[in-house]
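Colleague: Before I ask anything, let me first share the structure, which is written out below as structure tokens.
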Amino acid sequence: MQDRLADRRIAVVGAAGGIGSAICTRLLDEGATVYGLDRQGLDTMQQGVTAIEMDLTDEGSVAGVVERLYRNDASPVSLVNSAGIVENDVAAEVMPMDLFDRVMAVNLRGVYLTCRDFGAALLEHGGGAIVNIASMSGNAVVNVPQRQSVYNSSKAAVSALTRSLAVEWGARGVRVNAVSPGYVDTPLNALKTSMHGEWLDRTPLGRFGRVQEVAAAVAYLLSDDAAFCQGTELLVDGGYSLV
Ligand SMILES: NC(=O)c1ccc[n+]([C@@H]2O[C@H](COP(=O)([O-])OP(=O)(O)OC[C@H]3O[C@@H](n4cnc5c(N)ncnc54)[C@H](O)[C@@H]3O)[C@@H](O)[C@H]2O)c1
């Protein structure tokens, strides 16, 4: 594995999750100093990751982590936003607004908040990169048979946020991009066995994605290999959104 990310500090939000933990492993392998942020599962994070509790829905929690990361070290901390929650079993016409609010609080407000605070620090400390995990469900497709109107809306907003920040911050040394996975082999999807046939039939590559394949795309966008990528959304979906 090349040392593309040597001397880089990178915070991964949602680091205890299926995709987040694979991202941490990949960034460590590429030589980065990795901070794993999550509201739970800190003891499950791999050796080499500095695990820090953070709830991305809480302004004080996010501000406290940013303050801690820069307290004794002024070098920039890049950011990966992999936290997210899903609702996919409620028809839009009966959507309880507290469920809508819960999903948006993490997937949009929380991602906005971490981009705001980590982004402000990057602007102040010499620049860096942000990668948001959006989804093919944001722009490319409306997934079936599940009903996930709130999730889809939240992920479309993450894509729009990514592009907006890319324009606002590009000239000041902060690159902002997104990775949009298709169906990935995580515990979350493992539960929905009744839908697997339909999902895989619609995927030209005929299989689930691996968490490592999402992590590789994230590492690329963080690295100088992607120095001219700004506001891009890299689909990693096995071709699902083409069909
Ligand atoms: N798994 C897939 O097939 C798939 C497909 C497309 C997009 N995605 C996106 O990829 C990202 C990661 O998904 P995953 O499959 O690893 O899910 P996951 O549920 O395994 O991981 C999500 C992590 O986010 C953390 N989190 C949730 N709320 C939080 C909060 N308030 N504060 C801090 N951390 C919080 C959870 O504790 C968990 O560790 C999500 O944004 C998801 O929407 C996943």
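Every read-out reported here was derived from the displayed coordinates using simple, explicitly stated rules and does not represent laboratory data. Nothing here was measured: the structure is a model prediction, and the numbers come from that model. Quick reminder, even Gly has a Cβ in these numbers, built from the backbone with ideal geometry, and neighbours come from all protein chains shown.
Colleague: Could you give the semi-axes, largest first, of the ellipsoid that matches the stretch 92-230, computed as the square roots of 5 times the alpha carbon gyration tensor eigenvalues and rounded to whole Å?
Modeller: The three semi-axes for the stretch 92-230 are 29, 20, 11 Å.
Colleague: Something else about it: In the P(r) worked out for the stretch 107-163, what percent of Cα pairs fall beyond 14 Å?
Modeller: Result: 57 percent of Cα pairs exceed 14 Å.
Colleague: Okay, moving on. Calculate how large, on average over all directions, the projected area of the Cα convex hull of the stretch 2-62 is; give the answer in nm² to one decimal. Before the final figure, lay out the partial values.
Modeller: Numbers: hull surface 16.0 nm².
Reported value for the Cα convex hull: 4.0 nm².
Colleague: A follow-up question, please. Using only the alpha carbons of the stretch 26-125, what is the convex hull's orientation-averaged projected area in square nanometres?
Modeller: 7.8 nm²
Colleague: Another question, if that's okay. Looking at the chain, what % of the alpha carbon pairs are farther apart than 33 Å? Before the final figure, lay out each step's value.
Modeller: Details: 3968 of 29403 pairs.
Roughly 13 percent, rounded to a whole number.
Colleague: Still on this structure, please answer the following. Order these peptides, 126-135, 105-114, 62-71, 11-20, by their mean beta-carbon neighbour count within 10 angstrom, highest first.
Modeller: Highest-to-lowest ranking by the protection proxy: 11-20, 126-135, 105-114, 62-71.
Colleague: Work out from phi, with θ = phi - 60° and the Karplus expression 6.51 cos²θ - 1.76 cosθ + 1.60, the ³J(HN,Hα) of each residue of the stretch 118-123, listed in order in whole Hz, and give x for Gly and Pro.
Modeller: Rounded to whole hertz, the list is 5, x, 4, 5, 5, 4.
Colleague: Sticking with this structure for a sec: Taking the Cα centroid of the stretch 167-206 and of the stretch 18-75, what is the distance between the two, rounded to the nearest whole Å?
Modeller: The stretch 167-206 and the stretch 18-75 have Cα centres spaced 21 Å from each other.
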